[in-house]
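Here is the structure we will look at, set down as structure tokens.
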Amino acid sequence: MSVNSQDVDNNSKSMTSYLSPVVRDIQPSGIRRFFDLVSGNKDIITLGVGEPDFITPWHVREACVYSLERGFTSYTSNAGMPELREAIAEYLYTSYDVKYDPKDEIIVTVGGSEAIDLALRALIVPGDEVLVPAPCYISYSPITSIGGGVPVEVETYAEDSFKLKAEHLQAKITPKSKILILNYPSNPTGGIMTYEDWLPIAKVVEENDLIVIADEIYSELTYDHKHVSFASIPGMKDRTLLVNGFSKAFAMTGWRMGYVCGHSDLIYAMLKIHQYTVMCAPVMGQVAALEALKNGLEEKDHMVESYNQRRRLIVQGLRDIGLTCHDPQGAFYAFPSIASTGLSSEEFSQRLLMEARVAAVPGNAFGGGGEGFLRCSYATSVSQLNEALHRMGQFVHKLKQG
Amino acid sequence: MRQMSELKLKVLDLLKEDARREPELLATLLGATPEEVAAAITELEEDNVIVKYATIVNSSKLDDEKVTALIEVQITPERGRGFEAIAERVYLFPQVMSVYLMSGAYDLLVEVEGRNLKEVASFVSDKLSTLESVLSTKTHFILKKYKQDGIIFEDPEEDRRLLISP
């Protein structure tokens, strides 16, 4: 920025009065705050990264390069390339036993994030209450608020392995409850839901006529149990918008490739928003995603095995340090309790960063129930994990002595 | 060959990535006990599945840079013993690094290492070509190694992720 424009900026009035109050009042995420604190620090080992440490498999990258060479650079149909939608339908049927018609029940979106935004915008009437199990991924509540909805947190607990319990959900239901957002396997807790866990939730959903947005972006990353899609629970398919994508399973975060599936009435409405806002997901990403589904499942399995190995390492390591850590059955996060140190999540993670040079995200950044916990991503190399655990061990030891 | 246990296969994968990993670490990674892992390793060693724990060297980083050549060798197999006898006569030379029996236009692919070009050339003309059953040789000198045994020597793919992300 030039000196002149700086001067103009300094003299100009604040522009915030032009903003919509809803947007102005949204708090920046706690992760953002922590990011600013971390960046600029050297010799940090980070357990704060919410994405795979694998680079997108070469055959996927190569397919994209080849498509560019052949000139695949135009718009695709709004809902995404038909071949890709067909591949997604087949994959979902084979992997999770849910059947969608690629013709009018699937939209390819710009990441799972757009899918969630589309779903909430299509469904929320101002004043509607949106139930969100917490601690949870950071974007559900702000997007709900932007749409005029009211986010209502339903707490989940370490002693339940952060599973959603029907009685806790039921307790938060009011006549205004309309939507339930589910994110299992869960970021940040690593919690999962089994078929038996889902049944009582499905009952509450049915009885209260809720619509469910099931963000199953981590569905491929489960370890001792195969993922059960909420849409596969009897009676739930029509009231579920299933969100998934390529980021976590195929190490494709930067491609921004996601999709949403559901009843054609809902998908049709979401497609209207999608076509007026983004037109279609980028064609390069769609070509890559198709390659991932066609030829990437074996490499995906290798990645899952590798996460599982590191999961065992970090959970064991955290417990050896003396922190209580539930067994995370999904995603790539461990969510240990740091309550025994007497520090708050924020204090603990700031001091861990400054004194032990390890970055991990304070649990309170993920909403209710996250206080007292720390999100540790184990999507990093075994040697980095070992070093991080070593440093954390010394830090916690020092805390407990002092 | 009998079916190898899943544990052994996973131990092998992890050791191929890094042979210096301790059984305790392997046990944690694989959800097994250190005793189970140690027993698996012992069996793999006894069965000669694990042949050796060697070091992969990027010799271009060394001052005394060596010369390596891949030599295509056409041979007449020996009656009764096929290619085994001649392969043995070749691989016993210490300057021979690897020997593969190939399908296609030639029979053996021989990797030879020498201190300089001359040394490799004289090995080929004096030792290899003069073997009775060798019909012809074709020598290719290696100019640069980019990847060996699945390991990229100078991996350009660094971690470009943000330090913190949601």
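Overview of values
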| item | result |
| --- | --- |
| Residues satisfying the stated conditions in segment A:296-340, i.e. of a type in the set (D, E, K, R), under 21 Å from the mean Cα position of the chain (by Cα) and facing chain B (nearest Cβ under 10 Å) | A:E305, A:R310, A:R311 |
| Among residues of segment A:69-105, those that are closer than 16 Å to A:V278 by Cβ and among the β-branched types (V, I, T), counted | 1 |
| Criterion (out of contact with any Pro (no Cβ under 6 Å at 6 or more places or on another chain) and closer than 30 Å to A:I88 by Cα) met by exactly one of A:S381, A:S306, A:S344, A:S337 | A:S306 |
| Qualifying residues in segment A:236-262 (those that are touching a Phe, Trp or Tyr at 6+ places or on another chain (Cβ under 9 Å) and β-branched (V, I, T)) - the one farthest from A:E298 (Cα to Cα) | A:T240 |
| Residue check for B:A69: modelled with pLDDT of 95 or more, in contact with a Ser or Thr (Cβ under 8 Å, 6 or more places away or on another chain) and closer than 30 Å to A:N308 by Cα | no |
| In segment B:1-11, the residues that are more than 11 Å from chain A (Cβ to nearest Cβ) and surrounded by 16 or more Cβ atoms within 10 Å (Cβ to Cβ) | B:L7, B:K8, B:V11 |
| Boolean, A:P188 is closer than 23 Å to A:A115 by Cα and touching a Leu at 6+ places or on another chain (Cβ under 8 Å) | no |
| Which numbered condition A:S383 misses (of (1) more than 25 Å from A:N183 (Cβ to Cβ); (2) touching a residue at least 12 places away in the same chain (Cβ under 8 Å); (3) at the interface with chain B (Cβ under 10 Å from one of its Cβ atoms)) | (2) |
| A:I233 vs. criteria in contact with a Phe, Trp or Tyr (Cβ under 8 Å, 6 or more places away or on another chain) and more than 14 Å from chain B (Cβ to nearest Cβ) | yes |
| Given (1) closer than 30 Å to A:H168 by Cα; (2) touching a helix residue (DSSP H, G or I) at 6+ places or on another chain (Cβ under 9 Å), index of the condition A:E90 fails | (1) |
| Condition met for A:P52 (within 14 Å of another protein chain (Cβ to nearest Cβ), free of Cβ contacts under 8 Å to residues at least 12 places away in the same chain and within 27 Å of A:P185 (Cα to Cα)) | no |
| Test: residue in segment B:19-40 that is outside any loop (DSSP other than H, G, I, E, B), modelled with pLDDT of 95 or more, surrounded by fewer than 13 Cβ atoms within 10 Å (Cβ to Cβ) and away from chain A (no Cβ under 14 Å) | yes |
| Of all residues making up segment A:103-128, the number that are surrounded by fewer than 21 Cβ atoms within 10 Å (Cβ to Cβ) and without any contact (Cβ under 8 Å) to a residue 60 or more places away in the chain | 5 |
| Selection count where residues are farther than 23 Å from A:D117 by Cα and free of Cβ contacts under 8 Å to residues at least 40 places away in the same chain, scope segment A:209-233 | 2 |
| Some residue of segment A:62-75 being assigned to a helix (DSSP H, G or I), within 30 Å of A:E298 (Cβ to Cβ), in contact with an Asp or Glu (Cβ under 6 Å, 6 or more places away or on another chain) and not small (G, A, S) | no |
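The values are calculated or read from the model by the stated rules, or taken from the named source; none is laboratory data. Nothing here was measured: the structure is a model prediction, and the numbers come from that model. Note: ideal-geometry Cβ built from the backbone for every residue, glycine included; neighbour counts use all protein chains shown.
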